[in-house]
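Below is one structure, written out as structure tokens; the observations come after it.
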Amino acid sequence: MDREPHGRLDALARDPYPYYERARQADGLMHVAELDAWMVARDADVREVLRRPEDFSSANAMRPDVLPSPAALAVLGRGFGGRPVVVTADGSLHRRLRTPIVRGLSPARVTAVLPYAAERASALVDAFAGEGRVELMSAYAQRLPGEVIGRIVGLDPADVPAVVHGGHRAEELLFRPLEEAEQIAAAEDVVAMQHLLDRYVRERHARPREDLCTELVASVRRPGDGEPTLEERHELVAHLQNLLIAGHLTTTALIGTTVLHLLRHPPQWRLLCAEPDRIPAAVEEAARYDSALQGFRRVTTRPVTLAGTQLPAGTALFVAFGAANRDPDRHPRPDTFDITRSPGRHLAFGLGAHGCPGAQLAREQLRLTLEELTRRLPGLRLAEEQPVVMRPTMIHRSPYRLRLTW
Ligand code: HEM
């Protein structure tokens, strides 16, 4: 595998902010070789792209950075999926796929899951509160979001770890340069998760329940009709896999970066502990300042001019939510982390047709997390022995590990 281009992409992903600044200051758009795309970086330009889905298709929204080896692809061939999902669909297909998800993540459904989310957040903190130190990513951030979206979808809690692990492995396989043996092992984990999800599809069709999995299945095949076809099972597993990954990896990432930035600014952490009413504003500021989903791709469907740059049909764009969120024309002092700023409209959850349907669920989990931590561990600080290293990813920006002490 060619690691050199990946090395440059990793450098960009670990610290994309200097690129963003150059792209915002460029005349027109800036082409970024590492991303193999034109970067859309100004707030106004990002909004324009998101408001014109007919001109800027999502077909390539999650284009992988790595093509798995033939042996890994052969393993994946034994799994399910490989069908368009909500985030990569356009037009009427997009609307059909999105409708049950929006219903399943409605304000009422989110409110209904909050007691469970609060109980789990509290239990996860109980497990380390007496220890005096914790690695927060593995002990908490990688656990709560999977348990919560698992509950909404209707997964047995015992299956959640395999589903979360499968999601991480799918991301690694498509976005990290792994050795051959590791690719095959990752592909096997992904396929195991897909077979598990397929069992849920068939089970919920046979015995419907009050959960989102049942609703997704029913949106494709009505209960009482014959067994889902193989094609329908492929579509439903792809759909579920995408929803689960969108639901947990992003939220895990934002929990990590939110706690990191609060603790890098101890006066702001102390302010939050003293005045927990500020928690919702702190969540918005963390989402703006170091967005979990830094950007997704789009491709032009016809010749268009954007920010004065002429783009033929079929041109790839990287729509950088993270860059727009640091645009000084929209956010004064954009590079300052400040939980007391008056909230501006950031783009951390996107906008328009593809805007995040899970934003409220994510915000509530961040709120619960900060309520627990500020109330129970106000003396929290970064453990100093090792510097925090960011994962080299544009889609789930977070620390690898977050060692804390108190
Ligand atoms: C901190 C957490 C989260 C962040 C930063 C985030 C961010 C985003 C962004 C920026 C988009 C727009 C993508 C685009 O325009 O191409 C998006 C879409 C999406 N998000 Fe989230 N999200 C988060 C949490 C969640 C959760 C908890 C769920 C579900 C439980 C979820 C489900 C989705 C889905 C299904 C889409 C695709 C919607 C579509 O294409 O119509 N997200 N998210």
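The table below lists the values:
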{"read-out": "Value of [θ]222 nm, deg cm²/dmol, for the chain, DSSP H segments ≥ 4, -39500 (n - 2.57) each, nearest 500", "value": "-17000 deg cm²/dmol"}
{"read-out": "Interchain or long-range residues, amide H under 5 Å from MET30's placed H", "value": "MET39"}
{"read-out": "The chain - convex hull of the alpha-carbon atoms, volume per residue in Å³", "value": "141 Å³"}
{"read-out": "Neighbourhood charge, 10 Å Cβ-Cβ cut-off, centred on ARG204 and excluding it, Lys, Arg +1 and Asp, Glu -1", "value": "+1"}
{"read-out": "Whether the range 213-346 is rounded, prolate or oblate, judged on the alpha carbon gyration tensor where a/c under 1.5 counts as rounded", "value": "oblate"}
{"read-out": "The range 115-171: proportion of alpha-carbon pairs further apart than 13 angstrom, %", "value": "62 percent"}
{"read-out": "Whole-number percent relative contact order across the chain, with pairs defined as alpha carbons under 8 Å at least 6 apart", "value": "27 percent"}
{"read-out": "C-alpha center-to-center spacing [the range 207-268, the range 131-201] in angstrom", "value": "12 Å"}
{"read-out": "Cβ-based net charge around ALA89, under 15 Å, with every Lys or Arg adding one and every Asp or Glu removing one", "value": "+4"}
{"read-out": "Relative packing of 343-351, 303-311, 81-89, which averages over residues the other C-beta atoms within 10 Å, highest first", "value": "81-89, 343-351, 303-311"}
{"read-out": "For PRO399, net neighbour charge (Lys/Arg +1, Asp/Glu -1) across residues whose Cβ lies under 12 Å away", "value": "+4"}
{"read-out": "Cα pair distances of the range 291-406 binned at 10 Å [whole percent]", "value": "11, 28, 37, 16, 6, 2"}
{"read-out": "Note, ³J(HN,Hα) from phi for the range 53-67, Karplus 6.51, -1.76, 1.60, rounded to Hz, x at Gly and Pro", "value": "x, 6, 8, 10, 6, 8, 3, 9, 3, 10, 3, x, 7, 9, 9"}
{"read-out": "Average projected area [Cα convex hull, the range 163-213], square nanometres", "value": "3.8 nm²"}
{"read-out": "³J(HN,Hα) computed for each position of the range 193-203 - Karplus, 6.51 cos²θ - 1.76 cosθ + 1.60, integer Hz, glycine/proline x", "value": "4, 5, 5, 4, 5, 5, 4, 4, 4, 5, 5"}
{"read-out": "Cα principal axis extents for the range 110-234, largest first, Å", "value": "56, 44, 19"}
{"read-out": "Taking only Cα atoms of the range 59-161, radius of gyration then Dmax in Å", "value": "18.3, 53"}
{"read-out": "Cα-based shape type of the range 1-136, given that a ≥ b ≥ c are square roots of the gyration tensor eigenvalues and the cut on a/c is 1.5", "value": "rounded"}
{"read-out": "Inverse of mean 1/r across different Cα pairs in the range 165-292, Kirkwood, Å", "value": "17.5 Å"}
{"read-out": "Ordering of 244-253, 397-406, 361-370 by burial proxy (mean other Cβ atoms within 10 Å per residue, highest first)", "value": "244-253, 361-370, 397-406"}
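Every number in this text was worked out from the coordinates using simple rules, so none of it is lab data. Computed from a predicted model, the values in this text were never measured in an experiment. No Cβ is skipped: glycine too gets one built from the backbone with ideal geometry, and neighbour counts run over all protein chains shown.
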